[in-house]
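Take a look at the structure set out below.
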Amino acid sequence: MTGAETQVQAKRKTKVGRVVSDKMDKTIVVSVERLARHRLYKRVIRLTTKFKAHDDANEAHVGDTVLIEESRPLSATKRWRLVSVIQRAGDHGLPGEPVVLEEEATSEAIHAAAHPGRRQAAEAAEAEAGEAAPTTEVAVAEETPATEGTAEAVEASAESEATDEPEGGDR
């Protein structure tokens, strides 16, 4: 072949997770969580997968949030390497604590996935309530100046509405 050989390398996968073990030398175990809908029950469930990642400098510790990247096989079970430590765990990063912090975006995604039509219905209700509120205020503002002609018209309309309803409640 000619010297025009180009090597195209695909972008490597990256994942963000929490370190659950750092007891091995130059290896960390990272727990990555994802949300999925249950096939039968249609509920959103949290699935956890553990990956072993190469940590050359032993810089990640239990509870740290880390970014890992796909790599060539480094051992029988190690296929990932540590890219960076996103957030250090303070005294609260103990192994017994939950793996994912409850964030507003996460809980919103859970509820949106669990109830797909509810968000659209809520937005439509807010839009209707937003449009209805100013029109009622304007109507009230127009009826407040009391003159003899308008008061008589309001009384006449109230009497006509009362006569339209059936008396006695027998239906």
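Where a number appears in this text, it was derived from the coordinates with a stated rule and is not lab data. Here the structure is a predicted model, which is why all the values come from computation and not from measurement. Virtual Cβ from ideal backbone geometry, glycine too; neighbours counted across all protein chains shown.
Counting alpha carbon pairs within less than 8 Å and at least 6 residues apart, what relative contact order, in whole percent, applies to region 14-114?
Numbers: 198 pairs, mean separation 27.2, N = 101.
This gives 27 percent for region 14-114.
Close amide H pairs (under 5 Å, H built 1.01 Å from N) link Val83 with Leu67, Ile68, Glu69, residues at least 5 positions away or on another chain. Length gained on full extension, Ala125 to Ala10: 36.8 nm, using 0.36 nm per residue less the C-alpha separation. Each of Ser21, Ser31, Ala10 was placed along the dipole of region 5-46 (beta-carbon charges, centred on the mean Cα), and the one lying farthest toward the positive end is Ser31.
Would you kindly work out the equivalent ellipsoid of region 14-114 from its C-alpha gyration tensor and give its semi-axes, the square roots of five times the eigenvalues, largest first in whole Å? All intermediate terms of the calculation are to be shown ahead of the outcome.
Working: eigenvalues 138, 55, 24 Å².
Output for region 14-114: semi-axes of 26, 17, 11 Å.
Here Lys50 is the anchor, and the lysines within straight C-alpha reach of less than 24 Å, apart from those fewer than 8 places off in the same chain, are Lys11, Lys13, Lys15, Lys23, Lys26, Lys78. Panel order for Thr106, Thr27, by other beta carbons found within 10 Å of each beta carbon, from fewest to most: Thr106, Thr27.
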